[in-house]
């Protein structure tokens, strides 16, 4: 059986690049570290380092051992983290990755609320496309993500929980030609450039092959790529003011502009877009108290958004 302590010595040696520095970091003597690495080579029956070079350089077999041992060290780190949580220690930090729409709708407000309750909490926030959010969660770079989950349900690696299902509205500048129509169809919408983030396959699959001026389909992953692709859909009034482009938003995202008459909602019939974002976190991993507190705040904010959207729809006589 391979000695995990010796594998740990190997990892530290590679991190420091020198036996002397690695031995100091491990709090052992340099001869003891050398013997540990030699014993590991005997256990494996192969040479791990090319000793003809100055700094420790892995042989091809050594590269294989390092790659195969990474999951072991990740599992060890997870175990140490979960034991600390069960022992009642607060990690004191929260790392979150947010998709474009969730970060505007509930992500930041949820952070402000959890910080108000736990002012000593250290928080790091990243905003990215939904695929990147999923990658960061899977790679353990963040504790939790909030992003599109429509294409991730059933993932063996990630657990998901739906929290945001909001209607996407097409909006435009006041005086747009489409506002002269009582009801606007999808073909009419496609005649103008769309401004939004990429739409996942679950939505792109509902669009016709001919997309007109609205955008294109990514041939690699099937995403809908709008004519004007934005990573963060903010200040949409400036995008729309001087053109006939159409932006896809929820009512709460444009409430101030809507009330000020700076943006109008297009009366669409026969076609609707709905968000489907939620929590993403690694399966079989105990969630830290800070993460659970954040999730509670997000659920509360999302419930409030539903009520706000209903009120806006009534105020502006929207379906």
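Quick notes on this structure:
- Calculated SAXS-style log₁₀ I(q)/I(0) at q = 0.17, 0.25 Å⁻¹ - the stretch 265-319, Debye, Cα scatterers: -0.75, -1.10
- Exposure proxy for 317, 244, 223: other Cβ atoms within 10 Å of each Cβ, ordered fewest to most, give 317, 244, 223.
- Residues 295, 162, 105, arranged from fewest to most other Cβ atoms within 10 angstrom of their Cβ, appear as 162, 295, 105.
- Spin-label model distance (nm) - residue 220 vs residue 296, 7 Å beyond Cα toward Cβ: 4.2 nm
- Among beta bridges from DSSP that stay inside the chain, the antiparallel ones total about 60%.
- Cα pair distances exceeding 19 angstrom across the stretch 167-271, given as percent: 40 percent
- Translational diffusion of the chain was estimated from the Stokes-Einstein equation, with Rh taken as the Kirkwood radius over Cα pairs; at 20 °C and 1.002 mPa s the coefficient is 93 µm²/s.
- Label positions at residue 316 and residue 24, each projected 7 Å from the Cα along the C-beta direction, are separated by 6.3 nm.
- Cβ-Cβ FRET estimate between residue 283 and residue 59, R0 fixed at 45 Å, reported to 0.05: 0.80
- Mean residue ellipticity (222 nm) of the chain, computed from DSSP H runs ≥ 4 via -39,500 (n - 2.57), nearest 500: -12500 deg cm²/dmol
- Among 132, 157, a tally of other beta-carbon atoms within 10 Å of each Cβ gives an order, fewest to most, of 157, 132.
Read-outs: derived from the displayed coordinates by stated rules, not from any lab. Owing to the predicted nature of the structure, the values given are computational and were not obtained by experimental measurement. In this analysis, Cβ positions are derived from the backbone assuming ideal geometry, glycine residues included, and neighbour counts consider all displayed protein chains.
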